[in-house]
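Provided herewith is a single structure, encoded as structure tokens, for subsequent inquiry.
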Amino acid sequence: MSASGGHRSQLSYGVMAAALALLLVLTKVFSSGGDNLLGALGFLLLAGTLAGELFEPLKLPHLTAYLITGLIAGPHLLGLVGHHAVEEMTFVNSLALALIALAGGAELKIEVLRQELRSISVANALHIVLGAPLIALVFYLARPMIPFAQQLTPMALLGVALLWGATAVSRSPAATLALLSQTRAKGPLANNALAFIMLSDAAVAVFFSVVLVLARPMIDPSVELSLKELGELGHELLGSVAVGTTMGLLLAGYMRLVGAQMQLVLLVLGFVIWETLRYLHFDTLLTFLVAGFVVQNLSNQGPAFLHAVERLSSVVFVLFFTSAGAHLDLPLLGKMWPVALLLAGSRAVIATGISKLSSRLVNDHPMVARWGWTSLVSQAGLTLGLVIILERAFPAFGGDLRSLGVATVAINEMVGPLLFKMGLDRAGETSHEPEPTRPAPEGEAS
Amino acid sequence: MTSLGYLLGLLLLAYLGTFLVGNRAIRGFGLSSSVEYVVLGFLLGPVLGILQRDALSTFDPLTHLAIGWLALLVGLDYGHNNNIRVRLRSGLAGTLVALLTLGLLVLVLWWLLPLQVKLDPAQRLTLAAGVAIACTETTHHAVRWVVERYKAQGPLARLLGEMTDVEDLVPIVACALVFALNPTQDAPLPAGTAALVSLGLGVGIGLLTAALLGREFRLDESWRLLLGASLLAIGLSVQTRMPPLTALFAMGVTISISSQHRSEIVQMTAPSERAVLLPALLVAGARLDLSSNSAVPVIALVAVLGRLVAKLLCGLAMKGLVPEARSARPWMGLSLVSAGGLAMSIGLAFHLRFPGLIGDAVLASAAGASLLGEFIGPPALRSTLAHCGELGNATETPLPGGRS
């Protein structure tokens, strides 16, 4: 992603603004209903890129520009991208998540991890042990504002609240990585945020599964406590690490022996291998995270690998976040905003408090202690995935719970990147180097 | 076979394609027109039943994308041969040869079609024109393949290289006209204006893209802009029931003319050509259906033979009128019968837009022309250039099909 807004002239911004307006008109005239997948993808890619550049002088993250572009063009506002097209675009998600996990793993260098291990372990433990119960408590107390919660018995409500707490401590690896990629931020805050959020993904996956097993009998008294699911989870996680390690070694070997057409290799990984592993019940994010980590730390191919991932990501992230913006359910948010705002706000406050406490306990770098909390607000795909699991597990109220989850994620998705960008800027870690201007090297452009 | 399996196969083929041709130099792997991938698709599809037509239709958006992207690449490099601007007279010669081939084929098919199938005049014209359009091009890949492999150098080699680079305009514009004259019931535009709108769309989005590419060439941003603009143009073309070929070709030509980064863009996108072409050819082969109507193989045979005759006549005309071709043998027209990517793209575009007899016949004719062209075109061209004394130190590498 370009980080070179400072190099653009006013004329360039004028051209881009005019182009964006023309694009809107063109798409509005020709695209009836906006349900043409290719047209929608093209529009979002082009409009997102332009909006990202136009937002640069305002010091807003590109990610926010992409979300807003999708939101405005989406089915609830201008309708340039229709419901059907938005649903069909979910195929981009697996590729985007695969790239995010690969890049996330490859960004984690052993030496950085060693430096940050104490900090991120304590922070993760505190968010799970303190943060989740506190958020659950807020949910429990907000009962009068949540229609479906009023029908639940106190014990069932406690179970649902615990599940809500477990879901709420999930973060957004996608937003974190996209923002770090755009700003090319380097420094203690960037390192700590990346390491914490990537590892918290694995921690939250385990924690969520444990809470789900414990909460099920509380919500449905006819169900008995079963440890079988925990055993399955253990197998899933260990298997994912093993597959990820193998995949990473194969990737490193391929890069060393062949080294060409990494974009196509990444497409195969993102579409085919991702879906296959998902079908086989592996934790795909963890698998790809481990693969990226292995390439970076067990071979000398790390920098080239990261470069290849970032080049493909520059296209995929725009589509991923603009389609996420188009996916935001505005009417639902309009209906649920008071309770969603309460839950999102209390989550942010609790996360900030725990971040400060954790930093004090482990004596974090001053920039991490001061601005570390800004990386904890974003939520996106992972949280939505957890909410969908809840919807399936509890059909009686799962739909309502999912709606509430989507509304809360919508707020966090919009506010989180803004806060993190502000944190990185204030910590002085964002880069001002321009994007490379040379043409593609041979064989790398596809 | 699942959708994932198909996708993996297509991506692997794209991967293979990028290794067969690196950058703009033809390394000499595979046949000159890549028709072997059409044959492979035909074997995996209709013959063995591994690639099923219904499942392939899941990938229709990808097929549209491939057709459009190939047309964009043709447009970006249009009027340039090895990065040198094509001479006006070569351009005119190429355009006239294409027009002559197209006109002759339309006449022959219009006259012979009633002997095989009963069609109303509009359908008859669409079928005759569609088949003729798919059989018009001479693929510049084959000419480059021979020229580079046999180190040919001389006025005739240059002329043929330039002609085959320029003549693509004729089938692409004709394709837009045929699509425009056959509006679907739900087409949002009247028949007369659709072709103009399609061209205008390409030009408009091309100008927009060129303006956005700006003064400084930024690699990742350029990819995003070019890909986004292409997807938008393809999507809007499909929406207006027009061929993505035309809009994307117009877009490519417009960017080529109006952007100061033409050479960087061509260099950036060139490696993607084979990566897109080979899966598209495989899909085209798998979509071939010679048994849907008994007239399909007959029409394809007539088209292929008609194409041979038309190209022979073009060769004779060139020998008489173009100084560079004076010393060539009378049958030099056979050097122009190689067909490939563009013919199959047009075949696919018709197949998607006119399901049934018309689509099947156009695609089968394109495949037939590519297959026969592969056996006749490169050896005839090599022989013609050798006769004119334009071959350099020939390598011992055998010609396609085992010929030496």
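In this structure, is A:Val294 within 14 Å of another protein chain (Cβ to nearest Cβ) and in a helix (DSSP H, G or I)?
Working: within 14 Å of another protein chain (Cβ to nearest Cβ): no; in a helix (DSSP H, G or I): yes.
No.
Give the residue, chosen from B:Glu148, B:Glu162, that is farther than 24 Å from B:Leu96 by Cα, in a helix (DSSP H, G or I) and at pLDDT 80 or above.
Values: B:Glu162 fails: farther than 24 Å from B:Leu96 by Cα.
Result of the check over B:Glu148, B:Glu162: B:Glu148.
The conditions are (1) assigned to a loop (DSSP other than H, G, I, E, B); (2) closer than 29 Å to B:Gln267 by Cβ; (3) at pLDDT below 80, and B:Ala14 fails exactly one of them. Which is it?
The one condition B:Ala14 does not meet is (1).
Here's something else I'd like to know. Pairs needed: first member in region A:231-259, under 18 Å from A:Val309 (Cα atoms); second member anywhere, small (Gly, Ala, Ser) and modelled with pLDDT of 90 or more; C-beta distance under 6 Å; at least 6 residues apart or different chains.
Within 6 Å, the pairs are A:Gly244/A:Ala291; A:Met247/A:Ala291; A:Gly248/A:Ala291; A:Ala252/A:Ser299.
Being under 18 Å from A:Gly423 (Cβ atoms) and either more than 21 Å from the chain's Cα centre (by Cα) or part of a helix (DSSP H, G or I) (or both): is that true of A:Trp337 here? It would help to see each step written out before you state the result.
Working: under 18 Å from A:Gly423 (Cβ atoms): no; either more than 21 Å from the chain's Cα centre (by Cα) or part of a helix (DSSP H, G or I) (or both): yes.
Against the criterion (under 18 Å from A:Gly423 (Cβ atoms) and either more than 21 Å from the chain's Cα centre (by Cα) or part of a helix (DSSP H, G or I) (or both)), A:Trp337 does not qualify.
How many of the residues making up region B:270-281 are in a helix (DSSP H, G or I) and out of contact with any helix residue (DSSP H, G or I) (no Cβ under 6 Å at 6 or more places or on another chain)? Explain how you work it out, then say what you get.
At the first step, the residues of region B:270-281 found to be in a helix (DSSP H, G or I) are B:272-281.
Now narrow it down to the ones that are out of contact with any helix residue (DSSP H, G or I) (no Cβ under 6 Å at 6 or more places or on another chain): B:272.
Residues meeting the conditions: 1.
Per-residue answers, yes or no, for (1) of a type outside the set (A, V, I, L, M); (2) crowded, with 21+ Cβ neighbours inside 10 Å; (3) more than 15 Å from A:Leu67 (Cβ to Cβ); (4) in contact with a His (Cβ under 6 Å, 6 or more places away or on another chain):
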| position | (1), (2), (3), (4) |
| --- | --- |
| A:Val349 | no, no, yes, no |
| A:Ile354 | no, yes, yes, yes |
| A:Ala369 | no, no, yes, no |
| A:Val387 | no, yes, yes, no |
| A:Ser403 | yes, no, yes, no |
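What helices (runs of 4 or more DSSP H) lie completely within region A:39-119 and have 1 or more residues being closer than 27 Å to A:Val25 by Cα and in contact with an Asp or Glu (Cβ under 7 Å, 6 or more places away or on another chain)? Write out each step before concluding.
Working: elements: A:62-73, A:83-88, A:91-107.
Answer list for region A:39-119: A:62-73, A:83-88.
Does B:Gly214 fit the bill of being at positive phi, in contact with a Cys (Cβ under 7 Å, 6 or more places away or on another chain) and either surrounded by fewer than 22 Cβ atoms within 10 Å (Cβ to Cβ) or away from chain A (no Cβ under 14 Å) (or both)?
Working: at positive phi: yes; in contact with a Cys (Cβ under 7 Å, 6 or more places away or on another chain): no; either surrounded by fewer than 22 Cβ atoms within 10 Å (Cβ to Cβ) or away from chain A (no Cβ under 14 Å) (or both): yes.
It is false that B:Gly214 is at positive phi, in contact with a Cys (Cβ under 7 Å, 6 or more places away or on another chain) and either surrounded by fewer than 22 Cβ atoms within 10 Å (Cβ to Cβ) or away from chain A (no Cβ under 14 Å) (or both).
Under the condition of being of a type outside the set (A, V, I, L, M, F, W, C) and either more than 18 Å from B:Leu70 (Cβ to Cβ) or surrounded by fewer than 22 Cβ atoms within 10 Å (Cβ to Cβ) (or both), which residue from region B:274-296 is nearest to the other protein chains (Cβ to nearest Cβ)?
Taking region B:274-296 and keeping what is of a type outside the set (A, V, I, L, M, F, W, C), we get B:274, B:279, B:285, B:287, B:289, B:291-294.
This time we only want the ones that are either more than 18 Å from B:Leu70 (Cβ to Cβ) or surrounded by fewer than 22 Cβ atoms within 10 Å (Cβ to Cβ) (or both), so: B:289, B:291-294.
On the way: B:Asp289: 25, B:Ser291: 31, B:Ser292: 27, B:Asn293: 30, B:Ser294: 36 Å.
Across region B:274-296, the extreme among qualifying residues is B:Asp289.
Give the residue, chosen from A:Ala195, A:Ala205, A:Ala175, A:Ala185, that is over 24 Å from A:Arg370 (Cβ atoms), surrounded by 15 or more Cβ atoms within 10 Å (Cβ to Cβ) and either of a type in the set (S, T, N, Q) or in the same structural domain as A:Gly292 (by TED's automatic domain parsing) (or both). Working first, answer last.
Values: A:Ala195 fails: over 24 Å from A:Arg370 (Cβ atoms); A:Ala175 fails: over 24 Å from A:Arg370 (Cβ atoms); A:Ala185 fails: over 24 Å from A:Arg370 (Cβ atoms).
The unique qualifying residue is A:Ala205.
Let me ask something else about it. Filter region B:80-100 down to residues that are in contact (Cβ under 8 Å) with a residue 40 or more places away in the chain and in a strand (DSSP E or B) and give me whichever is surrounded by the fewest Cβ atoms within 10 Å (Cβ to Cβ).
B:His80
Taking region B:282-306 on its own, how many of its residues are of a type in the set (S, T, N, Q) and either in contact with an Asp or Glu (Cβ under 6 Å, 6 or more places away or on another chain) or assigned to a helix (DSSP H, G or I) (or both)? Explain how you work it out, then say what you get.
Residues of region B:282-306 of a type in the set (S, T, N, Q): B:291-294.
Applying the additional criterion that residues be either in contact with an Asp or Glu (Cβ under 6 Å, 6 or more places away or on another chain) or assigned to a helix (DSSP H, G or I) (or both) yields B:292.
Number satisfying all stated conditions: 1.
So which residues in region B:332-346 are in contact with a Lys or Arg (Cβ under 9 Å, 6 or more places away or on another chain) and part of a helix (DSSP H, G or I), if there are any at all? Steps first, please.
Our first condition is that a residue be in contact with a Lys or Arg (Cβ under 9 Å, 6 or more places away or on another chain); within region B:332-346, this holds for B:332-337, B:339.
Residues satisfying the conditions are B:Met332, B:Gly333, B:Leu334, B:Ser335, B:Leu336.
Considering only region A:57-72, state which residues are more than 12 Å from every other protein chain (Cβ to nearest Cβ) and within 22 Å of the chain's Cα centre (by Cα).
Let us first name the residues in region A:57-72 that are more than 12 Å from every other protein chain (Cβ to nearest Cβ), namely A:57-61, A:63-65, A:67-68, A:70-72.
Across region A:57-72, the qualifying residues are A:Lys59, A:Leu60, A:Pro61, A:Leu63, A:Thr64, A:Ala65, A:Leu67, A:Ile68, A:Gly70, A:Leu71, A:Ile72.
Might you check whether a residue that is more than 14 Å from every other protein chain (Cβ to nearest Cβ), in contact with a Lys or Arg (Cβ under 9 Å, 6 or more places away or on another chain) and not polar (S, T, N, Q) occurs anywhere in region A:103-119?
The answer is no; no qualifying residue exists.
Which of the residues spanning region B:45-78 are in a helix (DSSP H, G or I) and closer than 13 Å to B:Pro279 by Cα?
To start, the set of residues in region B:45-78 that are in a helix (DSSP H, G or I) comprises B:45-47, B:53-76.
The answer is B:Leu56, B:Phe59, B:Asp60, B:Leu62, B:Thr63, B:His64, B:Leu65, B:Ala66, B:Ile67, B:Trp69, B:Leu70.
Follow-up question, since we're still on this one. Which residue out of B:Val117, B:Val108 is modelled with pLDDT of 85 or more and either more than 13 Å from chain A (Cβ to nearest Cβ) or more than 27 Å from B:Ala233 (Cα to Cα) (or both)?
Within the list B:Val117, B:Val108, the selection yields B:Val108.
Let me ask something else. Only one of B:Gly320, B:Gly373, B:Gly315 is buried (at least 18 other Cβ atoms within 10 Å of the Cβ) and without any contact (Cβ under 8 Å) to a residue 24 or more places away in the chain; which?
B:Gly315
The values are calculated or read from the model by the stated rules, or taken from the named source; none is laboratory data. Note that the structure is predicted; figures quoted are calculated from it, not measured. Glycine gets a Cβ as well: all are built from the backbone with ideal geometry, and neighbour counts include every protein chain shown.
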